[in-house]
Amino acid sequence: MPSFRTFKTFLAVTRHGTFAAAAKEIGLTAAAVGLQIRSLEEELNQVLFDRGARSVVLNTAGRRVVPQVKELLLRYESLVASGDTDELSGTVVMGALVSALMGAFADALWSLKHEHPRLEVRLLAGLSADFARRVEVGELDAAVVTQSPRPLPSGLVWSPLYAEPMVLIVPRRPHFKLMGNPLDILCDAPFLRFDRQTWTGYLVNEVLSQCKVTVRDEMELNSVEAIVEIVRQGFGISIVPRLANIQWARDQSLKIIPLPGNAVQRHVGLIERTRHSRQQFTDAIKQYFQARNGDDQVKNVRARQT
């Protein structure tokens, strides 16, 4: 009978489309991966891949086997996890936006790691759309992403964690003339745009649409951190999510200017498969934010009463 390691190798090949790329992911040689796949095909008495000169592609039999292999691995991982006395232990592989690690998610992760020292979290940085694909195929257990502007595949679920308002940031010492009115600033100043192909870039477009302005694009980047730093240096303005763990009011190099009528927020959440073996961890993340959001609501009510 094939081992669970062989099943994992099979799924790696389905994700990458070559033995060499799959081998790099799981730490084997391409020849060893090829031998495992050939052995699996012999055990099952069916060919699973159509082999080409540079790639391998799942055939009809292979596509039929994939969900069954995933189910077997899920049951095995759940069995291993259930034998551990500490619910939150072992390794979780997560994707996270770098900006999320500068926001509220960093606090949640620190709290869980402090409460569960046997828990190991491997974090990979990237973009929301890419994370969604990697979670769907099982490369990642879950990921912290912005809310998708499009429907997700049926096998994925997104749970909201927290929201960040989209704000206009300008340099305190600009290398250009800074107008006084926020809408004039948007129309006149060099604009540093977040990559419009990304989910956060979609929100930037929503803000500009609400403000009914056309900006003067100077540069397009896919990093909130890089945009903030360039604004600090005085080379442009931008619209970005107001990250939770940045001391905006104390920043000596940039400031936030309110935009009239802007109510756009970036909703950050957890994306995961509908069934997976690390749900105790993802449930703990969601519970942390439910408690945090409840505390914030109580504080807001008390502030309004005083």
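The values are calculated or read from the model by the stated rules, or taken from the named source; none is laboratory data. All values derive from a computational prediction rather than experimental measurement. All Cβ positions, even for glycine, are placed from backbone atoms using ideal geometry, and neighbour counts span all protein chains on display.
Name the single residue, out of those in the range 220-251 being β-branched (Val, Ile, Thr) and assigned to a strand (DSSP E or B), that is surrounded by the fewest Cβ atoms within 10 Å (Cβ to Cβ).
Keep residues of the range 220-251 that are β-branched (Val, Ile, Thr), which gives 224, 227-228, 230-231, 237, 239-240, 246.
Filter again for assigned to a strand (DSSP E or B), leaving 237, 239-240.
Values: 237: 27, 239: 26, 240: 24.
Per the criteria, the residue is 240.
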query = Can you tell me which residue in the range 276-290 is surrounded by the fewest Cβ atoms within 10 Å (Cβ to Cβ), limited to those that are modelled with pLDDT under 90 and over 18 Å from the mean Cα position of the chain (by Cα)?
reply = 280
task = Pull up the range 129-171, narrow it to residues that are farther than 21 Å from residue 222 by Cα and charged (D, E, K, R), then point me to the one that is surrounded by the most Cβ atoms within 10 Å (Cβ to Cβ).
result = 141
All positions within the range 236-268 that are in contact with a strand residue (DSSP E or B) (Cβ under 9 Å, 6 or more places away or on another chain) and small (Gly, Ala, Ser) = 236, 238, 244, 249, 253, 263
